[in-house]
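> Have a look at this one.
Each reported figure results from applying straightforward, stated rules to the coordinates on display, with no laboratory input. In this text, all values refer to a predicted model and were calculated from it rather than measured experimentally. Cβ atoms come from the backbone with ideal geometry, glycine included; neighbour counts cover every protein chain shown.
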Amino acid sequence: MKVIIVPYDPLWPEAFEAQRRTIAGAIGHLFPEIDHIGSTAVPGVAAKPVIDILIGVAADELLNQTIAPLTQRGFTYFRKYEPGMPYRRFFALLGMPPGETAPALIDIGDPFVTGGSIPSLVNVHVMVKHTYHWKRHLAMRDFLRAHPEIADAYAALKIGLSAREFGDTNEYNAAKDSFVKATEQRALAWWKG
């Protein structure tokens with residue numbers, strides 16, 4: 001599988017805003033903070049054409065309260081990632097082939113991953129606000145926005161990786177993990193300062 005990296009699209013903020021409204025309509029009663037994160041949130045940066053959204057809720061007990069409302073709005077809930085990341089609930093809006101319906105749940109042990117013939121169009125990460133993992137996503141976005149030379153280096157890495165074959169998007173993410181982790185640490189230090 002090749003990972004598709006495209007030039008920055010100035011319509012990505014509008015695509016985020018449309019999804020933000022859908023999400024707010026589904027879980028507004030939980031008073032979430034909804035942010036555009038990832039490379040599509042950094043003007044000028046080449047990226048996978050996937051809108052990444054971070055939802056911050058006030059407490060752990062609210063994480064599972066997002067599942068039913070978001071799956072009812074067409075998002076697929078990936079329970080399969082919870083054992084490794086119990087602090088997060090992950091959802092995706094999948095680009096299904098014509099005539100097929102996205103599953104509501106990808107459970108623990110299910111071999112399904114996004115990529116290839118079923119791409120993710122939108123990724124939604126639900127976490128408790130002000131925790132380490134919530135902060136690192138926002139810090140990375142803001143750091144890349146403020147440091148275009150680092151954003152350009154990240155884009156170049158992704159473009160280079162797009163020439164390779166991957167089994168799935170998890171393998172692609174692993175290939176850029178060292179750059180991301182190192183940049184996140186710099187971003188968190190900068191964000192705190």
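> Give me the Kirkwood hydrodynamic radius of the chain, using the inverse of the mean 1/r over all pairs of distinct Cα atoms, in Å to one decimal.
Result for the chain, one decimal place: 17.2 Å.
> Next up: Report the residue, chosen from MET85, MET127, MET140, that carries the largest GNM mean-square fluctuation when the chain is represented by alpha-carbon nodes joined by springs under 10 Å.
Comparing MET85, MET127, MET140 in a Gaussian network model of the chain, the most mobile one is MET85.
> Starting from the Cα-Cα distance between THR131 and ALA58, subtract it from 0.36 nm times their residue separation and give me the gain in nm to one decimal.
25.3 nm
> Which residue fluctuates the most in the chain, going by a Gaussian network model with Cα springs under 10 Å, if the choices are PRO83, PRO32, PRO98?
Sorting by GNM fluctuation, first place goes to PRO98.
> In addition: Could you please rank ARG164, ARG73, placing first whichever residue has the fewest other Cβ atoms within 10 Å of its Cβ?
Ranked by crowding around the Cβ, least crowded first: ARG164, ARG73.
> Quote the charge dipole size of region 96-193 about the Cα centre in Debye, to the nearest 20; the model charges only the Cβ of Lys and Arg (+1) and of Asp and Glu (-1).
640
> In terms of modelled amide H atoms, which long-range or inter-chain residues lie less than 5 Å from the amide H of ARG73?
Hits under the 5 Å cutoff: none.
> Could you please rank ARG21, ARG89, placing first whichever residue has the fewest other Cβ atoms within 10 Å of its Cβ?
Listed from fewest to most nearby Cβ atoms, that is ARG21, ARG89.
> Beyond 21 Å between alpha-carbons counts as too far, so tell me which of LYS135/LYS158; LYS129/LYS176; LYS2/LYS48; LYS80/LYS135; LYS2/LYS181 fall in that bin.
Cα-Cα > 21 Å for LYS135/LYS158; LYS129/LYS176; LYS80/LYS135; LYS2/LYS181; rest within.
> Pick out, from TRP190, THR76, LEU144, the residue whose Cα sits farthest towards the positive end of the charge dipole of the chain, with +1 on the Cβ of Lys and Arg and -1 on the Cβ of Asp and Glu.
TRP190
> Sort TYR132, TYR77 by Cβ crowding within 10 Å, fewest neighbours at the top.
Listing TYR132, TYR77 from fewest to most nearby Cβ atoms yields TYR132, TYR77.
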